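Readers should treat all values here as calculations from the given coordinates under stated rules, not as data from a laboratory. The model shown is predicted, which means the values in this text are computed figures rather than measured ones. Note: ideal-geometry Cβ built from the backbone for every residue, glycine included; neighbour counts use all protein chains shown.
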Amino acid sequence: MRKVGLILVGMIVVLAIFAPLIAPYQPSEYVGQSFLAPNSSQLLGTNDLGEDIFSRLLYGARTSVVIGFSTALLSTFLSFLIGVTSALFKGIYDTFWMRLIDGFIALPTVLIIILIAAYFRVSLWGMVMVLSLLFWQYGARIIRNQTNSLLKSNFIVAVQGFGAGKLHITLKHLLSQLLPLLSVQFLLIFRRAVFLEAGLSFLGVGDPSLISWGKMIRHGLDYIYLGGWSWWILPPAILLTLTILGIVLVEYGKDSQELV
């Protein structure tokens, strides 16, 4: 299962990285008559503006991969930083972060993201920042609890007895023990970010100039009566599904290996 997931995710990442080389046209370039059916020059035809759908499909992969990966990376880092330091320093510092996490968890996260994206028309990197600041809290609490358990283990107590500082303990001992949790956190947020970005684009909030699979699906629905759904709507929907499925299979495969 995990190999299948890695292949699917790897395929999407390759399409995203090499989109400028693979795409026959620029995504916003006028290439011919509007609503052209698939042909030898336009593999998936053209949209209402005469833009090549296949080229936009490839550039849409870049948006999903960049937002998903960047959000997962930043959120996981924040979870690790806040979770570990809360366990190490305890006291008021720990209480502050735990109460802040409680407040974040009580908030309707998705609704807040929709409102921020709609009101401020956030750019790609703005979307990454918004998602990251609202996705770190669950992982931070788990990391904090796991770090508390590790700090009571014999090998950490022994290292502390030899005078090792908090930074040394974190980088040399805690990080390696927390990597499985961090990788699961990374994959979970990656999947959520890809799905949420597509959903926001489908709703029409965020940067209107951003090329996204969700936006392509929504745009195509306006002209579904013309019969172009099979080459305009299905391809981005299929790639979005394969991306999320691939991440889920990697998560499932990783969890299965850890249980063996």
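If I take R0 = 22 Å and measure r between the Cβ atoms of LEU49 and LEU221 in this structure, what FRET efficiency does the formula 1/(1 + (r/R0)^6) give, to the nearest 0.05? Efficiency, rounded to the nearest 0.05: 0.90.
Prolate is the label for segment 107-154, because the ratio a/c of its alpha-carbon gyration tensor axes (a ≥ b ≥ c) is 1.5 or higher and a/b is greater than b/c. In terms of surrounding Cβ atoms within a 10 Å radius of their Cβ, ARG56, ARG192 rank from fewest to most as ARG192, ARG56.
Which one is right for this structure if volume of the Cα convex hull per residue in Å³ is calculated from it: (i) 141; (ii) 153; (iii) 113? Answer label, from the structure shown: (i).
Using the average count of surrounding beta-carbon atoms within 10 Å as a protection proxy, the listed peptides 150-158, 22-30 rank, highest first, as 22-30, 150-158.
Between 0 and 90 degrees, the angle of helix 53-89 with respect to the longest Cα principal axis of the chain falls at about 10 degrees.
Against the chain, whose longest principal axis comes from its Cα atoms, helix 109-120 is set at around 50 degrees.
Sorting the segments 8-14, 95-101 by their mean number of nearby beta carbons within 10 angstrom, highest to lowest, gives 8-14, 95-101. Panel order for TYR225, TYR252, by other beta carbons found within 10 Å of each beta carbon, from fewest to most: TYR225, TYR252. Only lysine pairs 8 or more places apart or on separate chains count here, and in segment 2-259 those with Cα atoms under 26 Å apart total 7.
Cβ crowding within 10 Å, taken as a proxy for footprinting-reagent exposure, orders HIS219, HIS173, HIS168 from fewest neighbours to most as HIS168, HIS173, HIS219.
Counting 0.36 nm for each residue step from MET98 to PHE155 and taking away their Cα separation leaves a gain of 17.8 nm. Principal-axis analysis of the Cα atoms of the chain puts helix 124-135 at an angle of about 40° to the longest axis.
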